[in-house]
Structures are given as C-alpha cells and as structure tokens.
Amino acid sequence: MCGVEMVISHGKIKTIKGEKQHPFSKGHICPKAAPLGDIHQDPNRLKTPVMGKGDQWITITWEEAFEMTTPHLGTIREDHDNNAFGVYLGNPSVHNYGILTHGPQLLKVLKTNNRFSASSVDQWPHQMVAWAMY
C-alpha cells in the first residue's frame, strides 16, 4: 500500500523513496520498501536453487531442485503431518498470475495451517501489541 519511487541506472537501484503523489501513502515509505535496493543487489542473494554438497553450496537448476524434493513430500507428511509445510502468500505472489490461478489448488492439497504473508512480518505484530496494551 505504499507508493515507491525508484531511480534505476545501468540495471542498479540508485535510490528508493516514498512517492509523494501516491493516494494512500503520500510519500511515506514502509520499512520493507526502504532496503529493497540493498536486498536486490546483495551479492549473497539467492537467485537460483542451491544444494549443499559437503561444506559447499552448489547451484542447481529448478528442474533438479523439483526432482530432488518432490519425491520426499509424501514422506515428510507421513513422518510429521500436514503442518510440516509452510506457505508464503502475499507480495510478490499477488502479482503473479500463476500463483493466483493455481495457488488455491496447492493449498488444498497441502492442507497446512502454516500460511504466512507480509502481514505476518509487519502487521500482525503491531496488532498483537495493540491488543496486549489496550
């Protein structure tokens, strides 16, 4: 809900600030938006799947990652329960057509109560504090 104005040069984010013309935030920038440039350009940011091999991490393809993990999902559920899985919903998934159209089916199959979102990080704690205080 906060409008963000970014200056990008040569593919790198130079500045991020609140967009003054945004109808809701009117120039305010939330704590999640301010460090986006640092997060996006962090040299340690994972952009592809990795796999531990000994004491190293090696890059693997998405196909390899799915081939390695998919057969174990049933075992994980059998050994633990449906709540062994967690799902993150929200930004940026609300902007992803595939997640919007297929996400509900995935949630139905997983049957997990562990659902998280941006609100889990920055809204529910505020609400809990307000409840506890007042």
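The values are calculated or read from the model by the stated rules, or taken from the named source; none is laboratory data. This structure is a prediction, so every number in the text was calculated from the model and none was measured. Note: ideal-geometry Cβ built from the backbone for every residue, glycine included; neighbour counts use all protein chains shown.
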What are the residues in the stretch 91-125 that are in contact (Cβ under 8 Å) with a residue 12 or more places away in the chain, of a type in the set (A, V, I, L, M) and more than 22 Å from Leu36 (Cα to Cα), if any? Leu106, Leu107, Leu110
For the stretch 61-80, check the following and say yes or no: at least one residue is hydroxyl-bearing (Ser, Thr, Tyr) and surrounded by 11 or more Cβ atoms within 10 Å (Cβ to Cβ). yes
From Ser93, Ser25, which residue is among the polar types (S, T, N, Q), closer than 30 Å to Met6 by Cα, in contact with a helix residue (DSSP H, G or I) (Cβ under 6 Å, 6 or more places away or on another chain) and surrounded by 10 or more Cβ atoms within 10 Å (Cβ to Cβ)? Ser93
Looking at this structure, is Gly3 outside the structural domain of His126 (by TED's automatic domain parsing), modelled with pLDDT under 90 and within 25 Å of Pro125 (Cα to Cα)? yes
Report the residue count in the stretch 107-134 for those that are surrounded by 12 or more Cβ atoms within 10 Å (Cβ to Cβ), within 18 Å of Leu73 (Cβ to Cβ) and either assigned by TED's automatic domain parsing to the domain that holds Pro31 or not hydroxyl-bearing (Ser, Thr, Tyr) (or both). 4
